[in-house]
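Each value in this text was obtained by applying a stated rule to the coordinates, not by laboratory testing. Everything numeric in this text was worked out from a predicted model, so none of it was measured. Here Cβ is always computed from backbone atoms with ideal geometry, including for glycine, and neighbour counts include all displayed protein chains.
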Amino acid sequence: MSSTTKLTPVLEATFNILITTDFNKVLSVSESIKDLLGFIANDFVNNSVALQNLIHPDDVDIRDNVLSKDIKASSGTFNIRMRHADHRIRCIRGHYTRAIRSTDNSVTLELCLQDSKSLSQQQNELTEIASFKTMMDNTDDYIYFKDRNHVFTSASKTIVLLSNPSEHLTDLIGKTDYDFLPEEYADIYYRLEKQVFSGANIAQEVQQTRDNDGKMGWIDNRKYPMHNKNGDIIGLFGIAIDITDTVFQQQEAAKLLAEQSSIINNTLVGITTICDRKIIWSNSTFETMLGYGEGELRGRSTRQLYINEIDYQSINQAYVNLKIDGVTKNEIQFICKDGSYIWVDVRGTNLHTKIDESTWLVVDITERKQAELALRDSEYYWKFALEGAGDGVWDWDIQSNVKTFSKQWKAILGYAESDPLPTGLEWENRFHPDDTERVADVMQAYLSGKNPNYALECRMKCKDGSYRWVLSRGMVLKYSEEDVPLRMIGTISDITARKETDLRLSESEKRLRLSQLYGGIGTWEYNFLTNIQIWSEAMTQQLGFPDISNPSKEDFLAIVHPDDREMFMVEIERQLTGNNTLDIEYRTINEQGKIRWMRSIGKSDLDANGQALTMQGTVQEITHQKNAEHDLRIAATAFESQEGMMVTDANNIILRVNKAFTTITGYSSEDVIGQKSSLLSSGRHDAIFFDGMWNELNTHNYWEGELWNKRKNGEVYPQRLTITAVKDSNDIVTNYVGTLIDITQSKQAEQEIEDLAYFDPLTHLPNRRLMLDRINHAMAASARNDMQGALFFLDLDHFKTLNDTLGHTMGDILLQQVATRLTSCIRDNDTVSRFGGDEFVVLLEGLSILPLEAATQAEEVANKFLNAINQPYFLADHVYTSSTSIGITLLNAHDFGVEELLKQADIAMYQAKNDGRNAIRFFNPEMQTKISAHAILENELKQAVAGQHFQLYYQVQMDSSGYPVGAEALIRWIHPTLGLIPPLDFIPLAEQSGMIQTIGLWVIDNACSQLQNWQQHQINRHLTLSINVSAKQFHQPDFILQITTAIQHYNINPALLKLELTESLLLNDIEETINKMKALANVGIQFSLDDFGTGYSSLQYLKKLPIYQLKIDKSFVDNIVTDNDDQIIVRTIISMAHNLGLNVIAEGVATKAQQQRLFNQGCRHYQGYLYSKPLPINQFEILLHTLTNTADTTSNE
């Protein structure tokens, strides 16, 4: 753009908006809005067009921030997208200022909106550099620059051609993406630009596109922030790269790879890739060859392919060849998945793509190898027949020191027939270093004539470096004239297997000797003919037998305990007579007198006549077993004691019980063995009790205590239980032993003693001692939870007269019946006690934390006492009536001591007697203060009634289409010092004092006046108005006259006045209620049954009453979305109402989900905070206007 270009003015418009908690109202709009967004100002003022609805959905976070009431952010600027009247998106730059109005503390918003494109024309142009311009004109990429308002400031020719080939570069400058691109593309670019302007260093996204000819392509979009010298973001630089060719190349490469994979997987050659001796890939031919499924070998070690470790290690050379030559070839056996073997030809190639990674071609050659092996076997047997026993032959020319060897000799040492033969020094070096000197000595002794023959066993080195044992034998065949040996021949036989067997046998004998020695098992042998015995080391070193040479029978009997010798001699005689087995237990005793138990087991060898020749056997010490058996017999005797006993394993499975256990519990051993010990549980103890028990048992291996258990017949009884943990040598619990005693009788005795100490023997009520303790506990509980309690002192009126006239027996009967009646009037956690004579003290706990409410609760109980005691008594043949005087004092942890509280209750009781008996009196100084406050509030309410210091608030009632259909009028007390007082805080007081009639009449009058006002306006004249009517007001004789007089005075349509009655109103005088309602219904009044479903009215009267509407109580609506029970109740109410032809409205609707659930179940009218809280009349009428306009707009769309 040239600097001389004429600048167009900035397009902008201003808004003045009132922001409240419930709605936003546009107060004024500048006329320039028509140029900016295509709408006229009145469209926004009359709410036919909502400003927030024009904002792009992705910018709602900016909208919510701008339209919020947060006065802390008093001003700011923003960028946002808005939809023009022509339905296209405009990029807008905005500025806002918030302020608080002094008149009503509401928030006003001054909003200025400017067209981003027109702003761009006011900015300084970017300086064009010749080289930069050349680049922009000749690049194939789409390059562009934008300002902070998303407006193009410069662009390459390619992007102009992309947008519209007929346009010029200057036609693009000053525009946004929404001016020339489809909206879905413009949305993508705008979202990326928001990321850049929010601080991202780059915003990138690959986008699939379609050009003007419909051809598919891909663009890589990237956007980068531009900063000024202060670091502020002033715009962005964007580049879009056409990556269509790259994407197509990638697709072609993927297709080619798939074709190659198909070829590889269908070839007859197995192919696998191995890295670090692990299989990383295999084709299907390789997997099928070995019996594996697809991918099953991936990641596994190649070790599982080889038959043994030797084969696996032998392939190491193949990997060495790979590293040197790059290729290798082997024939080897592989093991298949099913355990069978196959021969394979394996050829490896190092691809050099990765370290230690190679590819192997594998061909199954099993059939060929089987044929070769068959041929080799036939050759082997032929040569075996020629070489006889298989010895290797050597021939030594002693003078030249030249040796020749047969094929078998070479084979023994691992040489092939064609391998060079070891000669000279190499021959000598083939003997094991430990055998070399001995071989030389034997050879020299033979050659020198010292030994007549040459034969020795030695070790010789094989080709692979290992050694084999051989038996080498030879002889000199030729001597010189001087008798010097000239030629010697010999053989070697492979005796490695025999040597290894001998070695294993030697080691086995050594291990046997050590196991006997350290295992305490001795072996012996006895020759009956020579009387000589042989004892092993274990007998002398471990079992205490004397270490003597050639021990005899007498030596053996000398160490046998004297008491066991005769038995042993008898056993020996049995052996001599042909009984060839021995198994005997006996004791030995040494010189120190130590006695040990032994067990000898043996077997005799008999001659042809059945006489014993020798006997061999073992001896083992069994002292520990014998001691254990002795201890077990003692334990078995102790186990059958008078106490019940139970043994379990470590998992509390019962293993054994005694007879006393059966007597106590009723369970036989067959009933419980194999069962959990919890079978005996009574269920009276919680998890905390058992956690403590097991913690003690696991810590100290012992627990003792009392608990309640259950017999087989279901009887619960007290038991003293002792549990001991049994551990093994590793300190691990193996068993638990429980000892249990039935303590029922002792507990009963304790209870009888306690009853005498703490209970009145006549009435069985707690006595003074127990009552004082419970009062102390109640005061401690009050300190923890701040809840109040109450103490009652009761004294029967004229009790002495009864004793004097009818006798003390009748007096005792009366006291017992009074005790029963008092107990029936209290809760389980309260206490009735007898202090003596005709005095009773009652303790109530857990009353309200508010003293006034606590006093009310106590008074209700006291009235129960009076009513119960006043009922007639039947004393033998006498009918007697009585009364009582009751004194009450409230208690908590911060008041007085127990004795002081009793004194206060006693004083209050005497005050009741002084006031005429059969009465209730409180002793609580604070109660007087609160009663006085109650009186003051009542007096102020009288003044409010007289001065009509009340105001009606209105809560809107809606239908399902979004239109307001009416309202409920709710009274508020405007107190001069306390402010706004809701009805719940003063209506009960008004009902108690009788002022409810005057207040109710005021509500009727003001409601009718408001209906008259609404009838003057077309938009409101259809609205109904509901008012609440109390039971006392309704039952006034002139109630019908009050209603009809007000209707006539204000000349209103009676059908628009709705009276809301509660179900409790129907409880009394139902016939009168029906008549009054019908009389008012005949006038045109409508009735709504409030809080339906929470009261106690009979449904049989519902069809008789002229009810127009049922109101579903808020308690059912609160959880209707999540609570199945509430859903069923609401559905039932709606169904019943529809069947009776009644209208239904739900109160307390706070969420859209609740409203939708009610709608789905057939409810079409709603009231609640979803639409509005109760409002004064001026705010309510603004709300009506807004709701009506919104509903009209929605219905027109």
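Overview of values
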quantity: Distance between the range 938-1003 and the range 765-829 - C-alpha centres, whole angstrom; calculated: 45 Å
quantity: Degrees, to the nearest 10: 851-870 long Cα axis against longest axis of the chain; calculated: 80 degrees
quantity: Cα Rg, Dmax, the range 949-1194, angstrom units; calculated: 17.7, 51
quantity: Long-range HN-HN contacts of GLY38 with modeled amide H, under 5 Å; calculated: ALA85
quantity: Rg/Rh ratio calculated on Cα atoms of the range 267-372 (Kirkwood radius); calculated: 0.93
quantity: Förster radius 41 Å - calculated FRET efficiency between SER340 and ILE489, Cβ distance, rounded to 0.05; calculated: 0.30
quantity: FRET efficiency, 1/(1 + (r/R0)^6) with R0 35 Å, evaluated for GLN642 and ASN695 via beta carbons; calculated: 0.70
quantity: Rough spin-label spacing in nm, given labels placed 7 Å along Cα→Cβ, for LYS69 and ASN105; calculated: 1.0 nm
quantity: FRET efficiency for ALA416 and GLU294, using Cβ-Cβ distance with R0 set to 35 Å, rounded to 0.05; calculated: 0.20
quantity: For the range 388-494, projected area of the alpha-carbon convex hull averaged over all directions, nm²; calculated: 6.8 nm²
quantity: Gained length - LEU632 relative to ILE743, 0.36 nm times residue gap less alpha-carbon distance; calculated: 37.0 nm
quantity: Net lengthening on full extension, ASP671/HIS1035 (0.36 nm per residue, minus Cα-Cα); calculated: 123.9 nm
quantity: Calculated P(r) of the range 510-626 - Cα pairs past 21 Å, %; calculated: 35 percent
quantity: Nitroxide proxy distance, nm - points 7 Å out along Cα→Cβ at SER1064 and MET1136; calculated: 2.0 nm
quantity: For TRP218, residues with placed amide H under 5 Å, excluding near neighbours; calculated: THR209, ILE243, THR244
quantity: The chain: angle of helix 1039-1050 to the longest principal axis, Cα-based, in degrees nearest 10; calculated: 70 degrees
quantity: Restraint check, LYS1058/LYS1173; LYS69/LYS175; LYS25/LYS146; LYS69/LYS223, Cα-Cα greater than 31 Å; calculated: LYS69/LYS175; LYS25/LYS146; LYS69/LYS223
quantity: Net charge of neighbours whose Cβ lies under 11 Å from the Cβ of ALA990, counting Lys and Arg as +1 and Asp and Glu as -1; calculated: -1
quantity: Contact order relative to length of the chain, as percent, for alpha carbon pairs under 8 angstrom and 6 or more apart; calculated: 4 percent
quantity: Segment THR722-ASN609, extension gain: residue separation times 0.36 nm, minus the distance between their alpha carbons; calculated: 34.1 nm
quantity: Cα pair distances exceeding 15 angstrom across the range 12-119, given as percent; calculated: 62 percent
quantity: Computed label-point distance, nm, for sites SER729 and ARG917 using a 7 Å Cα→Cβ extension; calculated: 8.9 nm
quantity: Kirkwood estimate for the chain, i.e. one over the average of 1/r between Cα atoms, Å; calculated: 47.5 Å
quantity: The range 413-490 versus the range 40-111: alpha-carbon centroid distance in Å; calculated: 113 Å
quantity: Straight-distance crosslink candidates among aspartates and glutamates, where the alpha carbon sits under 17 Å from LYS712 and sequence neighbours closer than 8 are dropped; calculated: GLU670, ASP671, ASP742
quantity: Alpha carbon convex hull of the range 762-923, projected area averaged over orientations, nm²; calculated: 8.8 nm²
quantity: Radius 12 Å from Cβ of ASN709, net charge of other residues (Lys, Arg +1; Asp, Glu -1); calculated: +2
quantity: Degrees between helix 808-824 axis and first principal axis of the chain (Cα, 0 to 90, nearest 10); calculated: 80 degrees
